[in-house]
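The structure appears right after this line, and notes come after that.
Values in this text are rule-based calculations from the coordinates and carry no lab data. For clarity, every value in this text was computed on a predicted model and none was experimentally measured. Here the Cβ positions follow ideal geometry from the backbone for every residue, glycine too, while neighbour counts run over all protein chains shown.
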Amino acid sequence: MHESAAVPSPSVAAVRARRAVAAIFFTNGAVMGSWAPLIPLVQQKLHLGTAPLGLCLLGMATGAIATMPLAGGLVNRFGSAPVVRLSTLSVCGAILLPTVAPDPWLLFVALLIVGAANGAMDVSMNAHGIAVEQALRRPVMSSYHAMYSLGGFTGALGGAALLRAAAYPLAEAATVGLSFGAFSLAVFRFLLAGSVDQGGSGHAHFAFPKGLAMVLGLLCFLVMMAEASMLDWTAVYLHRVLAADTSLAAFG
């Protein structure tokens, strides 16, 4: 009797998982948001013009697009929880790579890796969020995306504060990556079991979207393109064109 009483009921486990997923979304926003203040510094370090920088930044989108379909297959095979764990830690580690890239080619590769890890994290954390929604039997997805936005603001603000304290780009990225990596390790145990959504859709295969799914997909693409443009270029514009200090430009 004592052992069965110590096991959390499914509802308690679902509530804990909701908080864990919210923390993962916050982590994703914070880590990726911390990259924005570093872009002008990396551009200055490698003496990049706007066109070469734009090509390098394209690496992040390329990595994400390449990984997202693969991540869906991994979620279907192993469940979303293991993919969330691996991809979250990968994002926290990969965010250091662009700060140590010695030339534009390796910067592209570094951002390709960051984008690939972020794409896998994006797919898996949303999939796990859906599993938690089903366990709770009520919609909570919008609250996860609110946490992502809050994380992005926190990451940019924290990155700006670190740069104002004379931190080097690598030190800023390492502080963010290690902090949120440790934070993620603390919340992983509250995720639902991988078996919850393992093999949920049977044999997974790619299907080209049609009809309303195509319209919604194009709409999401346009929204994400606008968001990425602001993330990648606002700090550069404030620093290079308006001569704002790098720590101040981070608030863009």
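General observations
- Local charge for V132 was computed over the other residues whose Cβ lies under 12 Å away, with Lys and Arg +1 and Asp and Glu -1, and equals +3.
- With a simple spin-label model that places each label point 7 Å from the Cα along the Cα-to-Cβ direction, the separation between V100 and L178 comes to 1.3 nm.
- The slack in the chain from E227 to A167, taken as 0.36 nm per residue of separation less the alpha-carbon distance, amounts to 18.9 nm.
- Gain upon complete extension [T154, K210; 0.36 nm per residue less C-alpha separation]: 16.4 nm
- The range 11-193: relative contact order in percent, alpha carbon pairs under 8 Å with at least 6 residues between: 44
- Dipole of the chain computed with +1 at Lys/Arg Cβ and -1 at Asp/Glu Cβ about the Cα centre; of F180, A23, L58, farthest Cα towards the positive end is A23.
- Computed from the C-beta positions of T50 and F188, the FRET efficiency with R₀ = 30 Å rounds to 0.15.
- Check: the range 1-126 dipole with +1 on Lys, Arg Cβ and -1 on Asp, Glu Cβ, in debye: 220
- The alpha carbons of the chain stretch over 66, 46, 28 Å along the principal axes, in descending order.
- Simple point charges give the picture: +1 on the Cβ of Lys and Arg, -1 on the Cβ of Asp and Glu, and for the chain a dipole about the Cα centre of about 420 debye.
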